[in-house]
Amino acid sequence: MRKTICCLVVLLSVADTHAEELPTLPDPISVKGGIPLARVEGVGAQIYVCSKNAKGGLEWAFREPIAILIAGRNTIGRHYAGPVWEFADGSRVAGKLVAKVPGQSSQDVPWLKLAVVQQTTAGLAAGATWILRLNTKGGLLEGGCSTEGELHSVPYTATYLFGM
């Protein structure tokens, strides 16, 4: 019985990662005729560094994301600089920015469309050719800062869709 419950939990957590349908999106990030393969939630922080701008002043510049990837109630991977999404099944994908549109509020990082530039042949996002970052909450930091090299993290959440 315990083995059956364990297997059922694993199957349910995998089922939660499969995307049902592609939402209607703004043109720059829409995927015409796309087929969603997986949907996961990202919870983490956007990391910024205080850097000199072109005029010599100091301002916050995006450095990297750090997030866990969740399906249902299970942590199934992590997201980090590259950008890379790495999953507990050993698979990983890397993306390259294609387009972005503003988040829903002035504190939300943009929604993104990325092209997959590296991937493994098996696993959660195998076969994916694009990644969307949607439904962002938080994560944005803009403006001046006072100490070059200082780091600041801003919590964020996002939905990541992987598809082909």
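Laboratory data are not the source of any read-out in this text; all were calculated from the coordinates shown. On a predicted model such as this, the values are computed, not experimentally measured, just so you know. Neighbour counts are summed over all protein chains in view; Cβ atoms, including those assigned to glycine, are modelled from backbone coordinates with ideal geometry.
Just flag the trypsin sites (Lys or Arg not before Pro) in region 69-112 sitting in loop per DSSP whose Cβ has no more than 13 other Cβ atoms within 10 Å.
Those that pass, being in a loop and sparsely packed, are R73.
Could you state the angle between the C-alpha long axis of helix 2-15 and the longest principal axis of the C-alpha atoms of the chain, as a value from 0 to 90 degrees rounded to the nearest 10?
The angle comes out at about 50 degrees.
Tell me the net charge near R92. Cut-off is 14 Å between Cβ atoms, R92 excluded, with +1 for each Lys or Arg and -1 for each Asp or Glu. Walk me through the numbers before you get to the answer.
Details: positive: R78; negative: E86, D89.
Value of the local net charge: -1.
Once the Cβ-Cβ distance between L25 and E150 is put in as r, and R0 is 25 Å, what FRET efficiency do you end up with, to the nearest 0.05?
Taking R0 as 25 Å, the efficiency between L25 and E150 is 0.10.
Near L114, within a Cβ-to-Cβ distance under 9 Å, what is the net charge of the other residues, with Lys and Arg +1 and Asp and Glu -1?
Result for the local shell: +3.
Residue separation times 0.36 nm, minus the C-alpha to C-alpha distance between S51 and K100: what's the value?
Contour length minus Cα-Cα distance gives 15.3 nm.
Quick one: how many lysine pairs does the chain have with C-alpha atoms less than 20 Å apart and a gap of 8 or more or different chains? Give me the count, please.
So the count of such lysine pairs works out to 7.
Given Cβ point charges of +1 (Lys, Arg) and -1 (Asp, Glu) and nothing else, what value in debye, to the nearest 20, does the dipole of the chain about its Cα centre take?
So the magnitude is around 280 debye.
Just to confirm a number: summing +1 for Lys and Arg and -1 for Asp and Glu over residues other than V154 whose beta-carbon lies under 13 angstrom from that of V154, what do you get?
Every neighbour counted, the sum reads -1.
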